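Peer 1: Could you have a look at this structure, given as structure tokens, before my questions?
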Amino acid sequence: MKIHKYDTVIVGAGGAGMRAAIESTKRSRTAVLTKLYPTRSHTGAAQGGMAAALANVEEDNWEWHTFDTVKGGDYLVDQDAAEILAKEAIDAVLDLEKMGLPFNRTPDGTIDQRRFGGHSRNHGEAPVRRSCYAADRTGHMILQTLYQNCVKEGVEFFNEFYVLDQLLVEEDGVTKSAGVVAYELATGEIHVFQAKSVIYASGGTGKFFKVTSNAHTLTGDGQAACYRRGLPLEDMEFFQFHPTGIWRMGILLTEGARGEGGILRNKDGERFMEKYAPVMKDLASRDVVSRSIYTEIREGRGCGPAGDHVYLDLTHLPPEQLDAKLPDITEFARTYLGIEPYTDPIPIQPTAHYAMGGIPTNVEGEVLRDNTTVVPGLYAAGEVACVSVHGANRLGTNSLLDINVFGKRSGIAAAAYAHAHDFVELPENPAQQVIDLVEQLRNSTGRERVADLRLELQETMDACVMVFRTEQTIKTAVDKIAELRERYRNVSVQDKGKRFNTDLLEAIELGNLLDLAEVMAVSALARKESRGGHYREDYPNRDDVNFMRHTMAYREVDADGRDSVRLDYKPVVVTRYQPMERKY
Amino acid sequence: MATPTLSKTDQMEAAAAASPFITVTFRIRRFNPEISEESTWQDFQVEIDPKERVLDGLHKIKWDLDGTLTFRRSCAHGICGSDAMRINGKNRLACKTLIKDINPEKPITVEAIKGLTVMKDLIVDMEPFFQAYRDVMPFLVTKGNEPTRERLQSAEDRERFDDTTKCILCAACTSSCPVFWNDGQYFGPAAIVNAHRFIFDSRDEAGEQRLEILNDKDGVWRCRTTFNCTDACPRGIEVTKAIQEVKRALITRRF
């Protein structure tokens, strides 16, 4: 076991982690621990753009953006945070441009902007061009630009280091962060990183679904590390299903395709979104579009032999426009489906895309251990966190924005905290829990296999807690997850070695997914209303009286060592927008 | 829609519904120094839909047959650059190569990319590759005070370096280069591509410095224009052309 000491440790090297690292490295001795090489992070898969009311191509302002974000989140958004997001969006985009990001340009040479779902002029009048973009590879450009600037700033990376435990210590009656414990993939060695500040920026949890746009590596590692140490997870029942994933594969086809004029059609060729969202049509918010797609499928208007998908039609757009604005997604259609988008419609279905919930933080990125108390020295930003700027449903282009605004804020805040405070003493045997976990899995002779349990989990989640949910389906999921968690105790791995043991890594990741799936299902069961991405067929309406509040899920362990999820609730911050009926 | 009949999409959907699994042999070069200093070829038989990816085949092996098979992967659709490997003797991304496109009748050979030290099975040491990248100053350098708003750039100036912005640092190009195989000191195509991305960016002011770095004995002149890199690039970047443009800029000092 090795012990390292840094002022600031950042867990994860996607957009939020690297944006934080650029700030904290200038101000404090910083280490970035990442299970992937930084440029492999899933920020790079984001396509359509980053929202900011630059007003480069038409009238726009941050207040309209704030409103759209609040409405898009179905009034579960904390409005003070949304206002910060929309206001600081403008500088966040300009910062990236100055760092070198190659945005598409207008004829005047300014950053070009395009339409995106849920972003509107003057509180819902019509779609507005707010998304700053670089073709359909905006996430790739952001990830590359941030990595380039990390190289420039000399950020210290520990690549392929997998953080498995969050160290919390009670000092003077206050629970503080003391550091993290990590597993080095190359050697199997355990490392303890003592740090004054820790920032989680480790991404989402999408791999508990089968049809997902998420990478294999998005397994909720940061959420699980904090949750197991008794910290709450907020709003985990809210998961976004992106309307346009490639049929069966789930690979993302950007909403920018509809922003450029693409149309969704059913088997009769009908532009069905006109029925569900007369004003915004195909550019309604993602939860609305995904439900509309499944309604078409359920009512027998789906496409293909099984009627299990619909079409994204780009055939009316000029090939030059597709080549210039949507080169990657058209190539995906050619590579994975053998379809030419110039002439043929693309089969799509909703795909599990984004966790709105996560580790609760305030607007400085400080992690909360209950509704109001911060954990000194602990921060989170990006998809792993819940500020909450996305509420019950995130708007497209607001995630690339979130990672930049709150990544920067948490990087600055964490470095400032590190300056003003001393190290917290490490607990005795700080690595013991991780050593036990790793050794137990490596030495287990149980008969359960990781791949079997993971597939059963994914199929359960797809069937029971996807776009449409009922008490019955969620209960089925809760029971199945409990069974799988029990069977997980008998999981074993074939690779018993220390060197690059990805077999072991996948087993650990599955443990994280199972814990988080339980939190999600239990949170969803208790929320007896429909709001944003959480749609209950047995409670089809939003219930502001009883449920306009955030879910806070805690892990409870009883005297026999059995754990369960305890739910509590936190008020939503409302500033200027009272809840209204949500129409697009 | 263009026509009422959707022939190509219809055909694809019907073929997908038929789901014709075939048996494919994967012949994988295994190496684990914890067990042996020698690498060996191992065959696996996999039932797979030919429209699936080579990566899907590797996952079937790892998940159902042999958990010790070790490789990197993440996004599984050609964006993250984790899974460059040598498939039937050619550098490709396993997640962007469909079984049907590489003759599944014969065994599919899979081995680690060349020129970088193999650590275990298909995993290589990427550190020398990233070091070469870091050495070319892969970041925008500007002088003077920053403008309040964005720097202006015409659409034409933006287009000038568009091709090289697509690089995902997968190392397929660099590890396909015979010069790099023979001499690991050579910067390699990927680092030059990333230098090109800034040299030809109208906002950048460090082109001369980068050109001097690449004028080095291990720099751009080592390129023998074999086009392996261009063939290998999963992003379709015209790598050899980019290298030629850097060479020309070194001679003319115009960029």
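The values are calculated or read from the model by the stated rules, or taken from the named source; none is laboratory data. Since the structure is predicted, the reported quantities are computational estimates derived from the model, not experimental observations. Don't worry about glycine lacking a Cβ; one is built from the backbone with ideal geometry, like all the others, and counts go over all protein chains shown.
Peer 1: Restricting to the stretch A:88-117, give me the number of residues that are closer than 25 Å to A:A284 by Cβ, in contact with a Ser or Thr (Cβ under 8 Å, 6 or more places away or on another chain) and hydrophobic (A, V, I, L, M, F, W, C).
Peer 2: 1
Peer 1: Okay, moving on. Inside the stretch A:187-277, counting only strands (runs of 3 or more DSSP E) that do not spill past its ends, which hold 1 or more residues that are crowded, with 22+ Cβ neighbours inside 10 Å, of a type in the set (S, T, N, Q) and modelled with pLDDT of 95 or more?
Peer 2: Of the strands (runs of 3 or more DSSP E) lying wholly inside the stretch A:187-277, those with at least 1 residues that are crowded, with 22+ Cβ neighbours inside 10 Å, of a type in the set (S, T, N, Q) and modelled with pLDDT of 95 or more span A:190-200, A:239-246.
Peer 1: Would you confirm, using the coordinates I've provided, whether A:G117 is surrounded by 20 or more Cβ atoms within 10 Å (Cβ to Cβ), farther than 25 Å from A:I22 by Cα, more than 8 Å from chain B (Cβ to nearest Cβ) and not acidic (D, E)?
Peer 2: So A:G117 passes the test.
Peer 1: Tell me which residues, restricted to the stretch A:26-47, are of a type outside the set (A, V, I, L, M, F, W, C), surrounded by 24 or more Cβ atoms within 10 Å (Cβ to Cβ) and either touching a Phe, Trp or Tyr at 6+ places or on another chain (Cβ under 6 Å) or under 20 Å from A:S197 (Cβ atoms) (or both).
Peer 2: A:T30, A:T34, A:K35, A:P38, A:T39
Peer 1: Checking A:G48 against (1) within 10 Å of chain B (Cβ to nearest Cβ); (2) at pLDDT below 95, which test does it fail?
Peer 2: For A:G48, the failing item is (1).
Peer 1: Go through (1) within 13 Å of another protein chain (Cβ to nearest Cβ); (2) of a type outside the set (S, T, Y); (3) surrounded by 23 or more Cβ atoms within 10 Å (Cβ to Cβ) one by one and return the number of the condition B:V110 breaks.
Peer 2: (1)
Peer 1: Pull out all pairs, ordered by first then second residue, where Cβ-Cβ is under 6 Å, the residues are six or more apart or on different chains, the first lies in the stretch A:80-91 and is in contact (Cβ under 8 Å) with a residue 60 or more places away in the chain, and the second is hydroxyl-bearing (S, T, Y) and crowded, with 19+ Cβ neighbours inside 10 Å.
Peer 2: Hits for this filter: A:A82/A:T66; A:A82/A:T69; A:E83/A:T66.
Peer 1: Let me ask something else. Scanning for something on the phi > 0 side of the Ramachandran plot, surrounded by fewer than 19 Cβ atoms within 10 Å (Cβ to Cβ) and of a type outside the set (V, I, T), does the stretch A:379-393 turn up at least one residue?
Peer 2: No, there is no match, as no residue in the stretch A:379-393 is on the phi > 0 side of the Ramachandran plot, surrounded by fewer than 19 Cβ atoms within 10 Å (Cβ to Cβ) and of a type outside the set (V, I, T).
Peer 1: Given the structure, is B:F129 in contact with a Lys or Arg (Cβ under 7 Å, 6 or more places away or on another chain) and at pLDDT 95 or above?
Peer 2: Here the answer is no, as B:F129 does not meet what is asked.
Peer 1: A further question on this structure: Tally time: how many residues in the stretch B:52-91 are more than 8 Å from chain A (Cβ to nearest Cβ), surrounded by fewer than 23 Cβ atoms within 10 Å (Cβ to Cβ) and either over 25 Å from A:G204 (Cβ atoms) or acidic (D, E) (or both)?
Peer 2: Of the residues in the stretch B:52-91, 10 are more than 8 Å from chain A (Cβ to nearest Cβ), surrounded by fewer than 23 Cβ atoms within 10 Å (Cβ to Cβ) and either over 25 Å from A:G204 (Cβ atoms) or acidic (D, E) (or both).
Quick grid of which residues meet (1) in a strand (DSSP E or B); (2) under 28 Å from A:S213 (Cα atoms):
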residue: A:N56; (1), (2): no, no
residue: A:H65; (1), (2): no, yes
residue: A:E97; (1), (2): no, yes
residue: A:S131; (1), (2): yes, yes
residue: A:I142; (1), (2): no, yes
residue: A:Q148; (1), (2): no, yes
residue: A:F157; (1), (2): yes, yes
residue: A:D165; (1), (2): yes, yes
residue: A:L168; (1), (2): yes, no
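Peer 1: Let me confirm something: among B:F161, B:F187, B:F198, which residue is of a type in the set (F, W, Y) and either under 15 Å from the mean Cα position of the chain (by Cα) or away from chain A (no Cβ under 11 Å) (or both)?
Peer 2: B:F187
Peer 1: Sticking with this one: Answer with yes or no whether B:R151 is facing chain A (nearest Cβ under 9 Å) and under 30 Å from B:M85 (Cα atoms).
Peer 2: no
Peer 1: Same structure again: Looking at A:E88, A:E156, A:E125, can you tell me which residue is acidic (D, E), surrounded by fewer than 24 Cβ atoms within 10 Å (Cβ to Cβ) and touching a strand residue (DSSP E or B) at 6+ places or on another chain (Cβ under 7 Å)?
Peer 2: A:E156
Peer 1: Here is a further query. Within the stretch A:516-526, does at least one residue satisfy the condition of being without any contact (Cβ under 8 Å) to a residue 40 or more places away in the chain, away from every other protein chain (no Cβ under 14 Å) and of a type outside the set (F, W, Y)?
Peer 2: Checking the stretch A:516-526: not a single residue is without any contact (Cβ under 8 Å) to a residue 40 or more places away in the chain, away from every other protein chain (no Cβ under 14 Å) and of a type outside the set (F, W, Y).
Peer 1: Under 6 Å between Cβ atoms, which residue pairs at least 6 apart in sequence (or on different chains) link something in the stretch A:296-324 that is more than 13 Å from chain B (Cβ to nearest Cβ) with a partner that is among the basic types (K, R) and outside any helix (DSSP H, G or I)?
Peer 2: Pairs that qualify, where the first residue is more than 13 Å from chain B (Cβ to nearest Cβ) and the partner is among the basic types (K, R) and outside any helix (DSSP H, G or I), are A:R301/A:K267.
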